[in-house]
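Inspection log for the structure reproduced underneath, given as structure tokens.
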Amino acid sequence: MLDFFKRKGSTSNSSEVNVELPTTNVAIPIPENADVPIPENADVPISQTQFQRIDLDSLDYDPGTRKQIWEYHVNQRDEIRRAYIKKGPHQPPLETFKKSGKQNRSFQASWYRNNSKWLEYSPTTDAAYCLPCFVFHNPNVVVGQNTFIVGGFRNWKKVGGKDCSFQVHIGKYPNSAHRVAEQMCKDLMNQSQHLQRVVDHFTTEQIANNRLQLKATIFIVRYLAFQAIAFRGRDESFGSLNRGNFHESLGIVTFWNEKVAEIIEKAPKNATYTSPRIQKEILHVFSAKVKKAIREEIGDAKFCIMVDEARDESMKEQMAVMFRYVDAKGFVKERFFGLIHVVDTAALTLKKGIYSLLSQYCLDIQNIRGQGYDGASNMRGMWNGLQALILNDCPYAYYIHCFAHRLQLALVKASKQVVPNSHFFLTLLFLIKIVSASCKRNEQLKVANANEIARLIDLEELETGSGLNQIGTLQQPGETHWSSHFRSVSSLLRMFSSIVEVLQNIIDGAIDGENRAEGESAYEGLTSFEFVFILHLEKETMEITDKLCQALQSQSQDILNAMHLVSSTKALIQKFRDDGWDGLLTTVISFCEKHRIDILDMNARYVARRGRARNQPDNVTNEHHYRVNIFYATIDSQLQELNYRFNEDAMELLRLSSALEPREALKSFRISDLCLLVKNFYPQDFTDYDKQVLEKELYHFEHNVVQDPEFKTLKISTATTERAFSAMKLVKTELRNKMEDDFLNDSLMLYIEKDIASTFSLDSIVDDFEDLKERRVPFS
């Protein structure tokens, strides 16, 4: 057993990760190292493919069939550009050219002489092209402006004369697209010698100053990312009173460090290394180093994946991926490994995204030993869901649902499947909206609540003491906020009289029919017997599950305690189903009498008030029978959902795994259960010989290891992926909903895994930053 769990001595080289830059879109691609004065923050479209160096001898020079420059990796684009410029325009000296059109016109070889520096011809497509425009082609230009780049020009009758298409393409002014491209070609061919000449004259002191200047930028980027603070400002110009968090933080650094201030002041204006693009590159260097560290920490060990999807503030579907594994020291680790933007949430799309990420970092799918998702049908579906698709490829990737998310889904979602309960939650949301619609109404609610508390204290119906009887507000239930529904229902019950008073004030003080109608609708819904009945029913069921819900929100939870909480919750819900009806009805009637709400005659014939409910049985005869059906339907739906989501296979896997739970090692370490765990769940991970000697080795393990006081508690997965989305909301708010996916991903990586990122020295970031591509100034 020790040999099986022992990690290999070396990690394969496959864990090496290529550092690629994030993708950004701009109007004109301009290389950073151009010799002409250009803004440093001009972004460049960047390939997402892994870097594979292209053999320049294999380049296709036919303009009709060659690849576009932007299709190559960013690290080799300038090299490929130089190769095409050095080769010159593709001008095959054909004796005859293909004729086309009604007038049998064709390309003319004489055109080469007048346009020798740029004009190209492709015999394959029988079209003319422009070499400089191709070399610096921007894929984001408006369709129709790239005729000489992509589709090719072949309207030969428009060559020559007053409106010659060649002259129109060249342009009349120096800033035409063609002339700009020609200048950029000249600069590109000259800059390598120019940069090398400049670099050769840098002294050791100047290089040290360059590093210090870049370290200041790196320090601020790291600080802002760790705190999930926005980088950019609305106005970052020099005259702005607030240039944004990055520049204002840089101002603080230069205020207290005169040397840094002097270096930045003397730095070339096109090499200050403070632009938004540079900030993103630094973030990406950090992110790549964090992922590389996680990948090396996993090595060739087994691991689990935890995935959840959510829509961010820019209405994009994002999938957060977490890895759970045991590191080389034997500690259980949960690591965020990135966001994946998916076009939809179909199971096949999610699987493709996950497999792509695993392949990119050379993580073997066959090493997956667990999956954890939420309860959406596309994630947990038995046949077509994501877990089933992965399980088909890796039979040991057992599916264990995120415990905390599972409880919220099982109880709230299942409860809403009962139609009257769904009406109740809609009414609850409407009530909160009406009462909390303005500051005036909130103040009225607080005043009414304070008066009610004082009245109950005078009647000695409330205890007094520190922290008791605080004035509260109505709690808003959230679809993914655990326990928020219980807090919302509890606050409504606690402030029932105060809410009634506020609604009456709204009705009496309404200045128009719309406000009065809203107040009356809310009042009628709140003071109906059906609403009060379901209010108490939901409060009782949620009160039973709240402890479990709160406990499972803990970042870690030991297996046995989690299983006991699940079992006790099921038992208490079943007990409430068996014995709770009479007590619930008595409580509801007493509440209605106290608040002067009309009590229904339970023996009266039941008449559907909103049309016949879809799941209402045919044998409903009176009001009592109808309420009993709601009572049982609510509890049965939750019990059924709990039993389904906490299925027997998952619970059996957890039960057997709990034999490794070392809190009470001598009691919990059950050798027979561990043997069953190997036999029933992981038979192929052990050879026949390993299985034969396993029991004896476990006895040795029990004697030598289990009794060690440092044998720590085994933890289970809870809500780490949900925390990734909480972090995503911090980083990407409505004010920053245009962040690129890579910028968001890198920011989240630093914010969530700051314990890893904080271990990297500034010097190491400088070195990796310099290695990304050629820089204007040297850093080493």
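The values are calculated or read from the model by the stated rules, or taken from the named source; none is laboratory data. Bear in mind that the values here come from a model prediction, so they are computed numbers and not experimental data. For neighbour counting, all protein chains shown are included, and Cβ atoms are generated from backbone atoms with ideal geometry for every residue, glycine included. When the accessible area is computed, the model is the full protein with side chains, heavy atoms only, and any ligands, DNA or RNA have been set aside. Shrake-Rupley method; radii C 1.70, N 1.55, O 1.52, S 1.80 Å.
Which residues, taken from region 503-522, are touching a helix residue (DSSP H, G or I) at 6+ places or on another chain (Cβ under 9 Å), in a helix (DSSP H, G or I) and aliphatic (A, V, I, L, M)?
We begin by selecting, within region 503-522, every residue touching a helix residue (DSSP H, G or I) at 6+ places or on another chain (Cβ under 9 Å); these are 503-510, 515-516, 518-522.
Subsequent filtering for residues that are in a helix (DSSP H, G or I) retains 503-508, 515-516, 518-522.
Passing the criteria: Leu503, Ile506, Ile507, Ala522.
Which of the residues belonging to region 570-608 are touching a strand residue (DSSP E or B) at 6+ places or on another chain (Cβ under 7 Å) and open to solvent by 40 Å² or more (accessible area, probe 1.4 Å)? Explain how you work it out, then say what you get.
The first filter runs over region 570-608 and keeps only residues touching a strand residue (DSSP E or B) at 6+ places or on another chain (Cβ under 7 Å), leaving 602-606.
Asn603, Arg605 - these are the residues of region 570-608 that are touching a strand residue (DSSP E or B) at 6+ places or on another chain (Cβ under 7 Å) and open to solvent by 40 Å² or more (accessible area, probe 1.4 Å).
Give the number of residues within region 302-348 that are in contact (Cβ under 8 Å) with a residue 12 or more places away in the chain and not in a loop (DSSP other than H, G, I, E, B).
Matching residues across region 302-348 total 31.
Answer yes or no as to whether Ser726 is within 36 Å of the chain's Cα centre (by Cα), at pLDDT below 80, open to solvent by 40 Å² or more (accessible area, probe 1.4 Å) and of a type in the set (S, T, N, Q). Steps first, please.
Details: within 36 Å of the chain's Cα centre (by Cα): yes; at pLDDT below 80: yes; open to solvent by 40 Å² or more (accessible area, probe 1.4 Å): yes; of a type in the set (S, T, N, Q): yes.
Criteria met by Ser726.
Do you know which residues across region 59-86 are of a type in the set (D, E, K, R) and open to solvent by 40 Å² or more (accessible area, probe 1.4 Å)?
Asp60, Lys67, Glu71, Glu79, Arg82, Lys86
Looking at region 216-230 only, could you name the residues that are buried (at least 18 other Cβ atoms within 10 Å of the Cβ) and in a helix (DSSP H, G or I)? Step through it out loud before you land on a result.
Restricting attention to region 216-230, the residues satisfying the condition of being buried (at least 18 other Cβ atoms within 10 Å of the Cβ) are 216-218, 220-222, 224-225, 228.
Passing the criteria: Ala216, Thr217, Ile218, Ile220, Val221, Arg222, Leu224, Ala225.
Can you give me the number of residues within region 324-334 that are in contact with a helix residue (DSSP H, G or I) (Cβ under 6 Å, 6 or more places away or on another chain) and open to solvent by 20 Å² or more (accessible area, probe 1.4 Å)? Full working, then the answer.
To start, the set of residues in region 324-334 that are in contact with a helix residue (DSSP H, G or I) (Cβ under 6 Å, 6 or more places away or on another chain) comprises 325, 327, 334.
Remaining after also requiring open to solvent by 20 Å² or more (accessible area, probe 1.4 Å): 334.
Total satisfying the criteria: 1.
Filter region 274-323 for residues that are farther than 23 Å from Ile400 by Cβ and basic (Lys, Arg); which is surrounded by the fewest Cβ atoms within 10 Å (Cβ to Cβ)?
Arg311
Determine whether region 183-204 contains at least one residue that is in contact with a Ser or Thr (Cβ under 9 Å, 6 or more places away or on another chain) and either of a type outside the set (S, T, N, Q) or part of a helix (DSSP H, G or I) (or both).
no
Anything in region 112-132 that is closer than 11 Å to Pro89 by Cβ and hydrophobic (A, V, I, L, M, F, W, C)? List them, or say none.
Trp118, Leu119, Ala128, Cys130, Leu131
Name the residue that is nearest to Pro132 (Cα to Cα), counting only residues in region 77-95 that are hydrophobic (A, V, I, L, M, F, W, C) and assigned to a helix (DSSP H, G or I). Let's see the steps before the verdict.
Going residue by residue through region 77-95, those that are hydrophobic (A, V, I, L, M, F, W, C) are 80, 83, 85, 94.
Still in the running and assigned to a helix (DSSP H, G or I): 80, 83, 85.
On the way: Ile80: 13, Ala83: 12, Ile85: 8 Å.
So the residue we want is Ile85.
Of the residues Val489, Val500, which is open to solvent by less than 80 Å² (accessible area, probe 1.4 Å), modelled with pLDDT of 90 or more and outside any loop (DSSP other than H, G, I, E, B)? Quick ask: steps written out before the conclusion?
Working: Val489 fails: modelled with pLDDT of 90 or more.
One residue alone meets the criteria, Val500.
Out of the residues in region 746-757 meeting the condition of being touching a residue at least 12 places away in the same chain (Cβ under 8 Å) and farther than 16 Å from Ile229 by Cβ, tell me which one is farthest from the chain's Cα centre (by Cα). Lay out the reasoning, then the answer.
So in region 746-757, the residues touching a residue at least 12 places away in the same chain (Cβ under 8 Å) come out as 746-754, 756-757.
Then drop every residue that is not farther than 16 Å from Ile229 by Cβ, which leaves 753, 756.
On the way: Glu753: 14, Ile756: 19 Å.
Out of the qualifying residues, it is Ile756.
Out of (1) closer than 23 Å to Tyr751 by Cβ; (2) without any contact (Cβ under 8 Å) to a residue 40 or more places away in the chain; (3) crowded, with 16+ Cβ neighbours inside 10 Å, the odd one out for Lys351 is which?
The number of the failed condition is (1).
Being open to solvent by 50 Å² or more (accessible area, probe 1.4 Å), touching a residue at least 40 places away in the same chain (Cβ under 8 Å) and in a loop (DSSP other than H, G, I, E, B) is the filter here; which residues of region 96-128 pass it?
The answer is Gly101, Gln103, Gln108, Lys117, Pro123, Thr124.
Out of the residues in region 362-384 that are open to solvent by less than 20 Å² (accessible area, probe 1.4 Å), within 24 Å of Tyr682 (Cβ to Cβ) and within 20 Å of the chain's Cα centre (by Cα), state the one that is modelled with the highest pLDDT. Walk me through how you get there before you give the answer.
Just the residues of region 362-384 that are open to solvent by less than 20 Å² (accessible area, probe 1.4 Å), to begin with: 363, 368, 370-375, 379, 381.
Okay, now just the ones that are also within 24 Å of Tyr682 (Cβ to Cβ), so 363, 368, 370-373, 379.
If we keep only those that are within 20 Å of the chain's Cα centre (by Cα) too, we end up with 371-373, 379.
Working: Gln371: 85, Gly372: 79, Tyr373: 75, Met379: 62.
For region 362-384, the residue satisfying everything is Gln371.
On the given criteria, is Gln692 modelled with pLDDT of 60 or more, open to solvent by 50 Å² or more (accessible area, probe 1.4 Å) and touching a Pro at 6+ places or on another chain (Cβ under 9 Å)? Lay out the reasoning, then the answer.
On the way: modelled with pLDDT of 60 or more: yes; open to solvent by 50 Å² or more (accessible area, probe 1.4 Å): yes; touching a Pro at 6+ places or on another chain (Cβ under 9 Å): no.
No: the conditions fail for Gln692.
Select from region 228-252 the residues that are touching a residue at least 24 places away in the same chain (Cβ under 8 Å) and among the polar types (S, T, N, Q) and list them in ascending order.
Kept after step one, since they are touching a residue at least 24 places away in the same chain (Cβ under 8 Å), are these residues of region 228-252: 228, 230-232, 246-247, 249-250.
Selection gives Ser249 alone.
Within region 99-107, identify whether any single residue is farther than 26 Å from Asn190 by Cβ, of a type in the set (A, V, I, L, M, F, W, C) and modelled with pLDDT of 90 or more, and answer yes or no.
Taking region 99-107 first, the residues farther than 26 Å from Asn190 by Cβ are 99-107.
Adding the requirement that they be of a type in the set (A, V, I, L, M, F, W, C) leaves 107.
Checking the rest, the ones that are also modelled with pLDDT of 90 or more come to 107.
Yes, there is a match, as at least one residue in region 99-107 is farther than 26 Å from Asn190 by Cβ, of a type in the set (A, V, I, L, M, F, W, C) and modelled with pLDDT of 90 or more.
With respect to Lys539, is the statement that it is modelled with pLDDT of 75 or more and surrounded by fewer than 16 Cβ atoms within 10 Å (Cβ to Cβ) true? Reasoning before the result, please.
Numbers: modelled with pLDDT of 75 or more: yes; surrounded by fewer than 16 Cβ atoms within 10 Å (Cβ to Cβ): no.
Against the criterion (modelled with pLDDT of 75 or more and surrounded by fewer than 16 Cβ atoms within 10 Å (Cβ to Cβ)), Lys539 does not qualify.
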